[in-house]
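Right, one structure below, let's go through it.
The values are calculated or read from the model by the stated rules, or taken from the named source; none is laboratory data. No experiment lies behind these values; they were computed from the predicted model shown. Every residue, glycine among them, receives a Cβ derived from its backbone with ideal geometry; neighbour counts consider all protein chains shown. These area figures cover heavy atoms from the full protein model, side chains too; ligands, DNA and RNA do not enter into them. Shrake-Rupley method; radii C 1.70, N 1.55, O 1.52, S 1.80 Å.
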Amino acid sequence: MAKRGSTGFRALRSLFKGVDVPPSIKPHEEDYVKRIFGALETQRMASLSSSEKSDLPGGNVPEIAFAGRSNVGKSSLINALTMSTIMKASKTPGRTQQLHFVSVGGKPGGQPDIALVDMPGFGFAQAPKALVDDWHRLVGRYIKHRSGNNLKHVFLLIDSRRGITPVDIDFMDLMEDLDTDFQVIFTKVDSLSKSALDKTIATAEASVQKYMRMHPILHLVSSKENLGIREVRNEIVAKSGLLANLQTKAQKRLNRELEAQAALLAQETTK
């Protein structure tokens, strides 16, 4: 098993031919991401076993959801992203059907900047049909109620050692049916050699071309080695809409400066 140092590690890969990996965000944007994730201590906002509209958290906080089969590493990734130990892996995967909302950033006494939503794992072995039905009701109803409003993006975590499995395909089909954007994260990449990882990615490329709502860029992460975490944080803030707001504020500030300069120039020419 090859260990990957941070030098030269490619945390982003394209899954679609003709689509290039986007350039890195600007330094001031990266500083903004760091401020959001370091603003306040991460807290659990809610743990819900119901996704009725009346039960979901209020407000207009952008939500980024994490999905994946049991033991894929969702809890570890959320802990790595938030530099905390807020999420505890279940000792009985698939038995607890809840949505966990975790706050990120914000100001004391106010709403968080972003909510990370840990959805219950799927694909657990020998699950009773009633439990599977509960999962579909909980997750499907949450996505249906929140898409286009609070829910901005869904990350589908896939164990890089397994590659894309039939239950992952089922989830992608669900996202397409619900008309919801999603993006794939390969976890535990430190467990594979470069050649094995490249082979897994090539296999994935061949199996996802039909999905119209799938983001073309694949994230490669290792929560254990802290690889790819920075890139996922950047993507979270970008998908939340906060980076666009930051750009708008910067443009408004630039416009004010240009207007002030133009006014000063106009005064000088009339003297």
### From phi via Karplus (6.51, -1.76, 1.60), per-residue ³J(HN,Hα) for region 109-118 in Hz, x at Gly/Pro
x, x, 6, x, 6, 9, 10, 8, 10, 8
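Can you order the peptides 57-66, 170-179 by their average number of other Cβ atoms within 10 Å per residue, highest first?
My ranking of the peptides, most packed first, is 57-66, 170-179.
Mind ranking 32-41, 136-145, 225-234 by how tightly packed they are, going by the mean number of other C-beta atoms within 10 angstrom, highest first?
Details: 32-41: 15.9, 136-145: 17.4, 225-234: 19.5.
Peptide ranking by packing, descending: 225-234, 136-145, 32-41.
Tell me, what is the FRET efficiency for LYS210 and LYS53 to the nearest 0.05, using R0 = 22 angstrom and their Cβ-Cβ distance as r? Before the final figure, lay out the partial values.
On the way: r = 31 Å, r/R0 = 1.43.
Computed FRET efficiency for LYS210 and LYS53: 0.10.
Mind giving me the FRET efficiency for ASN60 and SER195? R0 is 51 Å, r the Cβ-Cβ distance, nearest 0.05 is fine.
0.65
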### Query
Gain in length, ALA130 to LEU40, computed as 0.36 nm per residue apart minus the alpha-carbon separation, to one decimal in nm?
28.5 nm
### Task
Would you kindly give the portion of the calculated P(r) for region 12-269 that falls above 35 Å, as a percent of all Cα pairs?
18 percent
### Query
On the accessible surface of region 12-269, probed at 1.4 Å, how many percent belong to carbon and sulfur atoms?
51 percent
### Summary
Long-range amide H partners of ALA46, meaning residues 5 or more apart or on another chain whose placed amide H is closer than 5 Å, are PHE101
### Query
In sequence order, what are the phi-derived ³J(HN,Hα) couplings for region 72-87 according to the Karplus relation 6.51 cos²θ - 1.76 cosθ + 1.60 with θ = phi - 60°, rounded to whole Hz, with x for glycine and proline?
7, x, 5, 4, 5, 5, 4, 4, 5, 5, 9, 6, 9, 10, 5, 9
### Net lengthening on full extension, THR203/GLN111 (0.36 nm per residue, minus Cα-Cα)
29.0 nm
### Per residue value of the accessible surface for region 12-269 (all protein chains in place, 1.4 Å probe), Å²
51 Å²
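Any idea what the dipole of region 12-269 comes to, in debye rounded to 20, about its Cα centre with Lys/Arg Cβ at +1 and Asp/Glu Cβ at -1? Please report the intermediate quantities before stating the final value.
Working: 34 positive and 29 negative charges, 106 e Å.
Computed about the Cα centre, the dipole is about 520 debye.
For ALA244 and ASP179, what does the FRET efficiency come to when R0 = 22 Å and r is the distance between their Cβ atoms, rounded to the nearest 0.05?
Numbers: r = 21 Å, r/R0 = 0.98.
The pair ALA244/ASP179 has a calculated efficiency of 0.55.
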### Summary
Long-range amide H partners of ASP113, meaning residues 5 or more apart or on another chain whose placed amide H is closer than 5 Å, are VAL104, GLY105, GLY106
